[in-house]
Amino acid sequence: MRVWTACALVAVVLVPLSPAVPVRAEVVNRIVATIDGEPVTLFELEGFTEQARRRPGADAEVAPDQRAMLDELVLEKIMKRQVEVQGVAASEQQIDAYIASIRERNNLSDAQLKEALVQQGLTWEQYRAQVRADIERAALINKEIRNKVSVSPEEVERYYKEHLDEYPMPARVRARLISRLVPAGASAEQKAAVRDEAERIRKQAAAGKNFAELAQAQSQGPGATDGGDIGEVARGQMQPEFEQAAFALEPGEVSEVIETASGYHILKVEKREGEAHQPLAEVSDAIREKLYREHLEDRYGRWLKQDLRERYHVEILL
């Protein structure tokens, strides 16, 4: 058996390690990109990637795409430069107020918030740095994008005309109602008697007797004192039995007797409007907001991918 001396063991352990140190340092610190000649190192990229994996909602089990993370890091560095150029750096007071609003919305104490950050692998300083970046990015977007996006009245009107099907107005009727109610626990004979009363009233109405006067004198239902007026009702707003009858009638027509769980009823339609569309005046604000969000998103995408990068010379070396 070969016996190793202590000195030999040390030599075996140390010799292979000595050249590895500078090699590792060279790999970690090599340049992976430049921005106007300023280097971005692999060490920075690895740290940035690790922070990204700790973000809420990130899948820590899936390794992020290195090139995509480098693009994101370069963009963040460019945005930091623009923050300085535009003079929108966040103050400590703004950061404090932002964090206070987060605590209030989530009903958290300082201790609870810091504990939540620990669970996400973030220090208090790292969290404040993220908050600072969020505030500054929002301020930069407001200055460079939001204030330059607008929607004209002509755009709103054009969208409305091209998307009328998005703004339907259901058919509506204006009607009057006469109701004869069946007492709870009524016998079959009592129900038949109430139905006969309703049939008699319906015949009078169909023969031309004033429906409003009949309702005032005979109805036991809603709006009786107003001549049975139930106002203007849209499709989908009425009891199914009433809706089926009402939308089958033309203005001036009187329905057959309608049976429901509460009793027997007669409807007269006085006015009817078919399917239509909501007026532009009622939906213009919603359309303007929709178009504004779309324009803002499109402008933001071009600003990130094109405008910002064109201001700097970026070279990717990864």
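The values are calculated or read from the model by the stated rules, or taken from the named source; none is laboratory data. What you see is a predicted model, and the numbers here were worked out from it, not measured in a lab. Cβ: placed from backbone, ideal geometry, glycine included. Neighbour counts: every protein chain shown. With ligands, DNA and RNA removed, areas are computed over all heavy atoms of the protein, side chains included. Shrake-Rupley method; radii C 1.70, N 1.55, O 1.52, S 1.80 Å.
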For the range 49-62, enumerate the residues that are of a type in the set (A, V, I, L, M, F, W, C) and at pLDDT 75 or above. A52
Taking M238 and the conditions (1) open to solvent by less than 50 Å² (accessible area, probe 1.4 Å); (2) in contact with a strand residue (DSSP E or B) (Cβ under 7 Å, 6 or more places away or on another chain); (3) within 30 Å of P168 (Cα to Cα), which numbered condition does it fall short on, given that it satisfies the others? (2)
For residues in the range 112-143 being hydrophobic (A, V, I, L, M, F, W, C) and without any contact (Cβ under 8 Å) to a residue 12 or more places away in the chain, which is most open to solvent (accessible area, probe 1.4 Å)? V118
Taking the range 135-165, which residues are under 23 Å from the mean Cα position of the chain (by Cα), modelled with pLDDT of 90 or more and among the acidic types (D, E)? E155
Would you mind telling me which numbered condition in (1) modelled with pLDDT under 90; (2) assigned to a strand (DSSP E or B) R299 fails? (2)
Quick one: is L73 at pLDDT 90 or above, in a loop (DSSP other than H, G, I, E, B) and out of contact with any Lys or Arg (no Cβ under 6 Å at 6 or more places or on another chain)? no
Against the definition (small (G, A, S), assigned to a loop (DSSP other than H, G, I, E, B) and either more than 22 Å from K143 (Cβ to Cβ) or touching a Pro at 6+ places or on another chain (Cβ under 7 Å) (or both)), how does G47 come out, yes or no? no
If I35 passes every condition in (1) under 13 Å from L318 (Cα atoms); (2) modelled with pLDDT of 90 or more but one, which one does it miss? (1)
Need pairs with beta-carbon distance below 8 Å; first residue closer than 18 Å to V131 by Cβ and within the range 41-56, second outside any loop (DSSP other than H, G, I, E, B) and open to solvent by 20 Å² or more (accessible area, probe 1.4 Å); sequence gap 6+ or separate chains. F48/E72; F48/E76; Q51/Q126; A52/E72
Can E76 be described as surrounded by fewer than 16 Cβ atoms within 10 Å (Cβ to Cβ), in contact with a helix residue (DSSP H, G or I) (Cβ under 8 Å, 6 or more places away or on another chain) and among the charged types (D, E, K, R)? yes
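Listed here are the residues, each with its yes/no results for (1) within 30 Å of V314 (Cα to Cα); (2) at pLDDT 90 or above; (3) over 29 Å from the mean Cα position of the chain (by Cα).
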{"residue": "T41", "(1), (2), (3)": "yes, yes, yes"}
{"residue": "D65", "(1), (2), (3)": "yes, no, no"}
{"residue": "M79", "(1), (2), (3)": "yes, no, no"}
{"residue": "L117", "(1), (2), (3)": "no, no, no"}
{"residue": "Q120", "(1), (2), (3)": "no, no, no"}
Is it the case, given these coordinates, that Q86 is of a type in the set (S, T, N, Q) and open to solvent by 90 Å² or more (accessible area, probe 1.4 Å)? no
Given the options E189, E213, E162, E166, name the one that is touching a residue at least 12 places away in the same chain (Cβ under 8 Å) and either farther than 30 Å from L280 by Cβ or of a type in the set (D, E, K, R) (or both). E213
Give me the residue from the range 23-32 that is among the hydrophobic types (A, V, I, L, M, F, W, C) and at pLDDT below 90 and, out of that set, nearest to L70 (Cα to Cα). V28
Just for the range 265-295: of the residues that are closer than 11 Å to Y167 by Cβ and either open to solvent by 80 Å² or more (accessible area, probe 1.4 Å) or of a type in the set (D, E, K, R) (or both), which one is farthest from the chain's Cα centre (by Cα)? H277
